[in-house]
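Comments concern the structure below.
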Amino acid sequence: MLPPYDIAMIYAALGEKDHALDWLEKGYEARDVHMIFLKVDPKWDSFRTDSRFQDLLERMGFRSGRSKGQLGASLKRGPWPVWYWI
């Protein structure tokens, strides 16, 4: 079975943005370990201006306004413990 993150990437590649975001939500709920790449993976660049995507990043504990090279500095305590991301 594919992780929700991978299914979301498939939908994103097909241009199915709503389905991709639905699967990212499922990945968040399932605490899919691959979700840590949302902040830095260029495959998600076309989603970065979407308010649903930004909300998801915030709920994951990623601060907005940081560059891709500052992933570690962008983590904050959120609904998932910091150790989950390391």
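A few comments on the model shown:
- Among the candidates MET60, MET35, residue that is over 17 Å from LEU2 (Cβ atoms) and either among the small types (Gly, Ala, Ser) or in contact with a Gly (Cβ under 8 Å, 6 or more places away or on another chain) (or both): MET60
- Scanning the range 1-33 for residues that are among the hydrophobic types (A, V, I, L, M, F, W, C) and under 12 Å from LEU56 (Cβ atoms) gives ALA8, ALA20, LEU21, TRP23, LEU24.
FYI, it's all coordinate maths here, none of it is from the lab. All of these numbers come straight from a predicted model, not from anything done at the bench. Note: ideal-geometry Cβ built from the backbone for every residue, glycine included; neighbour counts use all protein chains shown.
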